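Peer 1: The structure under discussion is supplied below as structure tokens; questions concerning it will follow.
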Amino acid sequence: MKKAILLSSLLLHAFCYAQTPLVTNIANRSTISLNGKWQYIVDPYETGFYDYRWKERNEKDREAYWNSDVPENKTDRKEHGYTVKNSLTVPGDWNSQDAKFLYYEGSVWYKRSFDFPDVGDKKVFLYFGAVNYKADVYLNGKKLGAHKGGFTPFNFEIARSLLKEKGNFLVVKVDNKRFADEIPTLNTDWWNYGGITRDVQLVIMPQNFMTDYSIRLAKSSSSSKEKKIEGWIKLNTAVNENILLEIPALKFKKEITVNGDSAGFDFTVPALEVWSYQHPVLYKVILTSKDDKVTDKVGFRTIEVQGAQILLNGEPVFLRGICIHEEIPNPGRRAYSRADALKLLLQAKELNANMVRLAHYPHNENMVRVADSLGIMVWSEIPVYWTIDFANSEVLQKAKQQLNEMIARDHNRASVIIWSVGNETPVTEARTKFMSTLVKTAKQLDGSRIISAALETHTENGVITVDDPLGEFTDIVSVNEYLGWYGGLPSNCRTAQWKVKYDKPLFFSETGAEALEGFHGDSLTRWSEEYQQWFYREQVAMMKRMPANFSGLSPWILNDFRSPRRNNPVYQEGWNKKGLFDRNGKKKKAFYILKAYYDEMQKKKL
Ligand code: GCB
């Protein structure tokens with residue numbers, strides 16, 4: 001436990017551009033929202049950041065876009081200006097808000113002013129749910145810091161002397177250009193939505209506060225009647241005091257003694273009902289320290305791998321999954337709100353899924369919170385996707401930072417059962433070293449979950465073979481396979497033979513075929529709903545023949561989604577059409593094939 005805390009703070013200090021600590025459980029903290037309309041300047045040449053010699057402007061430079069845009073007198077020259085007519089809504093990507101932004105990749109400066117109420121002797125943090133990809137943040141002309149990584153939260157503590165009662169001038173330079181040595185890298189199969197894509201908040205905290213805590217069911221308790229909970233608390237300063245842990249519904253109260261800035265605990269609790277996808281029971285948990293109080297809603301469950309099975313609360317479970325991008329397909333925008341999360345996860349429920357793979361990056365926090373309450377298990381992933389610069393140690397640090405931020409935000413969510421360290425990375429020595437390091441880091445940060453990565457298959461003498469050396473390190477063997485779409489016909493599934501090197505649970509993290517909604521033909525007609533339907537029929541029949549270690553699947557994908565790679569002018573037009581739902585939320589024929597399979601598996605009590 002101690003080790004995990006230590007490692008997580010080390011990682012944050014070493015690799016995060018943003019200040020630490022990361023304040024967690026923002027939903028239950030005292031916050032002031034800075035969402036709403038922000039004014040912007042589009043700056044493809046980064047004029048606001050670099051001078052004409054391409055040198056970073058100094059902080060006081062009046063032409064820097066983080067400084068006031070108001071001329072001081074009538075002869076003063078100002079070449080930048082924020083104005084109401086150039087406004088973007090935060091949270092939200094810029095691409096979907098104005099046609100001129102649809103394909104834009106570059107810098108945009110966001111500005112908003114705010115007043116700050118008297119909050120007494122409190123600490124103030126500026127918290128971003130996510131900014132894609134790089135954020136440089138300035139308040140009243142002072143740089144607070146920078147952060148890279150488009151899908152994870154970060155915060156900066158604001159010195160109180162910097163905050164004014166009226167008219168604070170907050171500027172964020174957002175840059176979503178793609179680079180070979182970033183994560184993700186140049187090449188993906190999704191839209192590179194830019195902007196301040198998630199909530200922005202001021203978080204008001206006491207001087208001494210609980211930065212993070214973990215509370216969960218101990219693995220040993222999954223089958224025993226007596227339930228044991230365990231966890232840890234971390235504070236921003238060293239203290240000598242008792243922290244009260246309460247679970248009111250269980251009439252449970254215990255004191256945790258803290259000498260220093262962290263403490264571990266384990267307690268036996270009375271008659272606890274475990275969280276499961278059938279009964280997603282959440283308990284209110286309250287932690288009270290001398291100066292701080294935080295509440296959360298926590299589900300208690302265990303998840304583990306035993307031999308070739310996945311066990312939820314000690315019982316074998318079959319994952320009836322579906323992949324989801326963080327996108328609302330009509331009109332095609334980043335999802336961010338609770339309403340968006342409900343929309344996407346209820347679609348998954350319609351399919352009778354009990355699990356979702358949130359591809360290919362950490363989704364917004366609403367997704368995992370709603371999954372907690374609906375009873376949907378979650379695979380959460382960092383965007384180590386395809387051909388990352390594996391030999392570059394700085395890239396590894398960036399991946400570790402994103403892994404750390406993902407786990408820091410969501411490690412108390414019962415729904416999250418799998419941390420994935422990447423997707424379809426090509427086998428080389430450098431890659432396997434990189435990826436296995438991430439697996440080990442994930443295990444050190446959170447030893448209570450399954451660690452995975454989506455591997456590829458290859459075919460040897462007609463046998464689909466899974467022997468990726470990374471499978472040695474992951475807890476389950478997850479593969480993406482598209483037999484009948486990227487190779488052969490769906491009927492090839494009938495004779496497919498599988499050879500898996502590892503005696504571990506086998507999971508199909510992807511499979512799928514494209515269909516243009518409303519386009520009909522016979523089943524051999526590519527892009528027709530009938531082809532996709534046939535693909536699913538053959539795939540499902542093959543899955544039914546898989547050996548007993550076959551533990552589930554998350555086909556590709558719930559909804560059609562935007563992708564600049566998909567350029568068939570008739571059937572794709574910039575969209576990946578492997579969705580089971582079309583852009584208007586209409587089910588394609590294949591939906592019903594997968595649903596029937598899931599209904600059948602459910603009847604088998606799996
Ligand atoms: C994959 C990728 C996914 C793509 C999908 C496809 O294997 O993991 O990101 O979108 O295939 O449609 O080709």
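Peer 1: Regarding region 155-178, can at least one residue be identified that is in the same structural domain as residue 45 (by TED's automatic domain parsing), within 26 Å of the chain's Cα centre (by Cα), hydroxyl-bearing (Ser, Thr, Tyr) and surrounded by fewer than 23 Cβ atoms within 10 Å (Cβ to Cβ)?
Peer 2: no
Peer 1: Among (1) outside any loop (DSSP other than H, G, I, E, B); (2) more than 32 Å from the chain's Cα centre (by Cα), where does residue 68 come up short?
Peer 2: The one condition residue 68 does not meet is (1).
Peer 1: Right, next: So which residues in region 426-476 are small (Gly, Ala, Ser) and within 16 Å of the ligand (Cβ to nearest atom)?
Peer 2: At the first step, the residues of region 426-476 found to be small (Gly, Ala, Ser) are 430, 436, 442, 447-448, 452-454, 462, 471.
Once the filter is applied, which keeps residues that are small (Gly, Ala, Ser) and within 16 Å of the ligand (Cβ to nearest atom), region 426-476 yields 452, 453, 454.
Peer 1: Which of the residues belonging to region 292-350 are of a type in the set (A, V, I, L, M), surrounded by fewer than 18 Cβ atoms within 10 Å (Cβ to Cβ) and within 21 Å of residue 365 (Cα to Cα)? Even if it seems obvious, please write down each step before you answer.
Peer 2: Going residue by residue through region 292-350, those that are of a type in the set (A, V, I, L, M) are 294, 298, 303, 305, 308, 310-312, 317, 319, 322, 324, 328, 335, 339, 341-342, 344-346, 348.
Next cut, surrounded by fewer than 18 Cβ atoms within 10 Å (Cβ to Cβ) only: 305, 339, 342, 346.
Correct list: 339, 342, 346.
Peer 1: Follow-up. Give region 35-65 a look and list any residue that's of a type outside the set (S, T, N, Q) and not in a loop (DSSP other than H, G, I, E, B), or say none. Before the answer, list the steps.
Peer 2: To start, the set of residues in region 35-65 that are of a type outside the set (S, T, N, Q) comprises 36-38, 40-46, 48-57, 59-65.
The answer is 36, 37, 38, 40, 41, 42, 50, 56.
Every residue, every condition in (1) surrounded by fewer than 18 Cβ atoms within 10 Å (Cβ to Cβ); (2) free of Cβ contacts under 8 Å to residues at least 40 places away in the same chain, yes or no:
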| position | (1), (2) |
| --- | --- |
| 205 | no, no |
| 212 | no, no |
| 238 | yes, yes |
| 257 | yes, yes |
| 267 | yes, yes |
| 272 | no, no |
| 278 | yes, no |
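Peer 1: Could you tell me which of the residues 284, 253 is out of contact with any Ser or Thr (no Cβ under 9 Å at 6 or more places or on another chain) and not aromatic (Phe, Trp, Tyr)?
Peer 2: Details: 284 fails: out of contact with any Ser or Thr (no Cβ under 9 Å at 6 or more places or on another chain).
Going through 284, 253 in turn, just one is out of contact with any Ser or Thr (no Cβ under 9 Å at 6 or more places or on another chain) and not aromatic (Phe, Trp, Tyr): 253.
Peer 1: Yes or no: region 484-498 includes at least one residue that is within 16 Å of the ligand (Cβ to nearest atom), without any contact (Cβ under 8 Å) to a residue 12 or more places away in the chain and of a type in the set (Gly, Ala, Ser).
Peer 2: Looking only at region 484-498, we keep the residues that are within 16 Å of the ligand (Cβ to nearest atom), and these are 484-488, 490.
Keeping just the survivors that are without any contact (Cβ under 8 Å) to a residue 12 or more places away in the chain gives 486, 488.
The next check asks that each one be of a type in the set (Gly, Ala, Ser); those that pass are 488.
Yes: one or more hits.
Peer 1: Now, a different point. Being under 19 Å from residue 371 (Cβ atoms) and among the hydrophobic types (A, V, I, L, M, F, W, C) is the filter; apply it to region 403-435 and report the residue that is nearest to the chain's Cα centre (by Cα).
Peer 2: Keep residues of region 403-435 that are under 19 Å from residue 371 (Cβ atoms), which gives 405-420.
From what is left, the residues that are among the hydrophobic types (A, V, I, L, M, F, W, C) are 406-408, 414, 416-419.
Numbers: 406: 6, 407: 9, 408: 11, 414: 15, 416: 11, 417: 13, 418: 12, 419: 10 Å.
Per the criteria, the residue is 406.
Peer 1: While we're looking at this one, here's another question. From the residues in region 215-236 that are more than 30 Å from residue 20 (Cβ to Cβ) and out of contact with any helix residue (DSSP H, G or I) (no Cβ under 8 Å at 6 or more places or on another chain), which one is surrounded by the most Cβ atoms within 10 Å (Cβ to Cβ)? Reasoning before the result, please.
Peer 2: First, the residues of region 215-236 that are more than 30 Å from residue 20 (Cβ to Cβ): 220-228.
From the residues that got through so far, the ones that are out of contact with any helix residue (DSSP H, G or I) (no Cβ under 8 Å at 6 or more places or on another chain) too are 220-226.
Values: 220: 13, 221: 22, 222: 20, 223: 11, 224: 11, 225: 6, 226: 11.
So the residue we want is 221.
Peer 1: Right, here's the next one. Of all the residues that make up region 411-469, how many are crowded, with 23+ Cβ neighbours inside 10 Å, over 18 Å from residue 356 (Cβ atoms) and among the polar types (S, T, N, Q)?
Peer 2: Number satisfying all stated conditions: 1.
Peer 1: Follow-up. Cβ contacts < 6 Å: first residue touching a residue at least 24 places away in the same chain (Cβ under 8 Å), restricted to region 73-87; second residue of a type in the set (D, E, K, R), any location; separation 6+ or different chain. Result?
Peer 2: Hits for this filter: 80/69; 81/69; 82/69; 82/111; 87/37.
Conditions (1) over 31 Å from the mean Cα position of the chain (by Cα); (2) within 16 Å of the ligand (Cβ to nearest atom); (3) surrounded by fewer than 16 Cβ atoms within 10 Å (Cβ to Cβ); (4) at pLDDT below 95, marked per residue:
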{"position": "478", "(1), (2), (3), (4)": "no, yes, no, no"}
{"position": "512", "(1), (2), (3), (4)": "no, yes, no, no"}
{"position": "520", "(1), (2), (3), (4)": "yes, no, yes, no"}
{"position": "523", "(1), (2), (3), (4)": "yes, no, no, no"}
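Peer 1: How many of the residues in region 176-222 are acidic (Asp, Glu), more than 16 Å from the ligand (Cβ to nearest atom) and either assigned to a loop (DSSP other than H, G, I, E, B) or within 19 Å of residue 423 (Cβ to Cβ) (or both)?
Peer 2: 3
Peer 1: Kindly provide the set of residues from region 556-573 that are in a loop (DSSP other than H, G, I, E, B) and more than 11 Å from the ligand (Cβ to nearest atom), ordered by number. Spell out how you get there, then give the answer.
Peer 2: If we filter region 556-573 for residues that are in a loop (DSSP other than H, G, I, E, B), which is where we start, we get 556-558, 560, 563-573.
Within region 556-573, 558, 564, 567, 568, 569, 570, 571, 573 qualify.
Peer 1: Looking at 516, 553, can you tell me which residue is closer than 22 Å to residue 345 by Cα, touching a residue at least 40 places away in the same chain (Cβ under 8 Å), within 16 Å of the ligand (Cβ to nearest atom) and not β-branched (Val, Ile, Thr)? Can you show your working first?
Peer 2: Details: 516 fails: closer than 22 Å to residue 345 by Cα.
Only one candidate passes the filter, namely 553.
Peer 1: Residues 231, 264: which one is farther than 22 Å from residue 29 by Cα and either modelled with pLDDT of 95 or more or part of a strand (DSSP E or B) (or both)? Show your work before the answer.
Peer 2: Working: 231 fails: farther than 22 Å from residue 29 by Cα.
Just a single option satisfies the conditions, and that option is 264.
Peer 1: Count, please, the residues in region 574-587 that happen to be among the charged types (D, E, K, R), part of a loop (DSSP other than H, G, I, E, B) and more than 15 Å from the ligand (Cβ to nearest atom). Full working, then the answer.
Peer 2: In the first step, residues of region 574-587 are kept if they are among the charged types (D, E, K, R); the result is 577-578, 582-583, 586-587.
Retained after the next criterion (residues that are part of a loop (DSSP other than H, G, I, E, B)): 577-578, 582-583, 586.
Of the ones still in play, those that are also more than 15 Å from the ligand (Cβ to nearest atom) are 582-583, 586.
Of the residues in region 574-587, 3 are among the charged types (D, E, K, R), part of a loop (DSSP other than H, G, I, E, B) and more than 15 Å from the ligand (Cβ to nearest atom).
Peer 1: Also, quick follow-up: Could you give every pair whose Cβ atoms fall below 6 Å, whose first residue belongs to region 447-462 and is without any contact (Cβ under 8 Å) to a residue 12 or more places away in the chain, and whose second residue is part of a strand (DSSP E or B), counting only separations of at least 6 or pairs across chains?
Peer 2: Listed pairs, sorted by first residue: 458/465.
Peer 1: Among the numbered criteria (1) charged (D, E, K, R); (2) assigned to a strand (DSSP E or B); (3) within 16 Å of the ligand (Cβ to nearest atom), which single criterion is violated by residue 253?
Peer 2: (3)
The values are calculated or read from the model by the stated rules, or taken from the named source; none is laboratory data. Every value quoted in this text rests on a predicted model; they were computed, and no experiment measured them. Cβ coordinates were reconstructed from backbone atoms using ideal geometry, including for glycine residues, and neighbour counts include every protein chain displayed.
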